[in-house]
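The values are calculated or read from the model by the stated rules, or taken from the named source; none is laboratory data. Keep in mind that what you see is a predicted model, and the values were worked out from it rather than measured. Cβ atoms come from the backbone with ideal geometry, glycine included; neighbour counts cover every protein chain shown. What goes into the accessible areas is simple: the full protein's heavy atoms, side chains included, and nothing from ligands, DNA or RNA. Shrake-Rupley method; radii C 1.70, N 1.55, O 1.52, S 1.80 Å.
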Amino acid sequence: MTALRSWVFGNWPLKLTALGLAVVLYVGITFSESTTRSWTGPVPIEVLNAPAGGALLFDPGVVDSIEFRAADEIADALTSDSFRATIDLSGLEPRPGAEPVDVPVAVFPVDPRVRVVGYSPTGRTVHIDAVVSRMMPVIIDPGPLPEGIELGPVVAEPNQVNLSGASSRLQNVRSVEGRIVVDASGINIDEDVVIEAFDDVGALVPGIDIDPGTVRVRADVA
């Protein structure tokens, strides 16, 4: 008992000094981070572990509001690159039709001296469609012909291409076309032409991979 009393009450000035220093340090750290700041610069959301054989129909967007705490000199030097935002798609399976799935958004600072305390949005709805493919014939559109010009048979090599993409997008493709311009000088056509996918109203269908992306087009002009 005497030893315990001696340990508790012995060197009490030194112990009080140490306790006071600890309190000062704690208060200093707390004060330096006591103000919650807001970052409103957009931080793009990165996609992690995208499932094989799937296509994300829409970009996940950005995190546009982050609440954080940091010392003044650190907070004043922050940029959009000081934060990372991610969504993890592991465990999700792509399905035809791309049913919506809610996934959480994670935000963390690049600098460990910064502490994130809140952000918006905290989640995103994603659409993961199954990737499918099919072959389609190539159509070459010569456009309006100049007066007095006649166009012979148009030959495309190859005359079929392979299309691949999200099932909900690929089902909208009605034609794959390349467009050429016939010159009034009557020069024969012999050129590489870019092929694009169009829907039934003639609008370009995005997100479709075409292989090959160009074909060789030949035609006699008289």
Any residue in region 171-194 that is more than 14 Å from Asp141 (Cα to Cα) sitting within a Cβ distance under 7 Å of a residue that is assigned to a loop (DSSP other than H, G, I, E, B) and of a type in the set (Asp, Glu)? List the pairs, counting only those 6 or more apart or interchain.
Asn172/Asp199; Val173/Asp199; Arg174/Asp199; Arg174/Asp200; Asn188/Asp220
Restricting to region 135-153, name every residue that is in a loop (DSSP other than H, G, I, E, B) and either open to solvent by 60 Å² or more (accessible area, probe 1.4 Å) or out of contact with any strand residue (DSSP E or B) (no Cβ under 8 Å at 6 or more places or on another chain) (or both).
Pro144, Leu145, Pro146, Glu147, Gly148, Glu150, Pro153
Could you go through region 8-29 and let me know if any residue there is of a type in the set (S, T, N, Q), exposed (fewer than 11 other Cβ atoms within 10 Å of the Cβ) and modelled with pLDDT under 90.
no
Any residue in region 113-122 that is within 18 Å of the chain's Cα centre (by Cα) and either more than 30 Å from Thr35 (Cα to Cα) or not in a strand (DSSP E or B) (or both)?
yes
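Mind listing whichever residues of region 87-104 are among the hydrophobic types (A, V, I, L, M, F, W, C), open to solvent by 40 Å² or more (accessible area, probe 1.4 Å) and modelled with pLDDT of 90 or more?
If we filter region 87-104 for residues that are among the hydrophobic types (A, V, I, L, M, F, W, C), which is where we start, we get 87, 89, 92, 98, 101, 103.
In the following step, the residues that additionally are open to solvent by 40 Å² or more (accessible area, probe 1.4 Å) were identified as 92, 101.
Correct list: Val101 only.
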Any idea which of Val132, Val205 is in contact with a Phe, Trp or Tyr (Cβ under 7 Å, 6 or more places away or on another chain) and either open to solvent by 20 Å² or more (accessible area, probe 1.4 Å) or closer than 30 Å to Leu56 by Cα (or both)?
Val205
Does any residue in region 134-158 that is at positive phi come within less than 7 Å, Cβ to Cβ, of a residue that is outside any loop (DSSP other than H, G, I, E, B) six or more places away or on a different chain, and which pairs are these?
Gly143/Arg179
Would you confirm whether or not region 76-86 contains a residue that is at negative phi, acidic (Asp, Glu), at pLDDT 85 or above and open to solvent by 90 Å² or more (accessible area, probe 1.4 Å)?
yes
Which one of Val161, Val126, Val107 is in a strand (DSSP E or B), closer than 30 Å to Ser65 by Cβ and modelled with pLDDT of 95 or more?
Val107
Report yes if Leu57 is modelled with pLDDT under 95 and either basic (Lys, Arg) or out of contact with any Ser or Thr (no Cβ under 8 Å at 6 or more places or on another chain) (or both), otherwise no.
no
Quick one: is Ser32 at pLDDT 90 or above and either surrounded by fewer than 14 Cβ atoms within 10 Å (Cβ to Cβ) or among the small types (Gly, Ala, Ser) (or both)?
no
Residues of region 39-91 that turn out to be in a strand (DSSP E or B) and of a type in the set (S, T, N, Q), as a count:
2
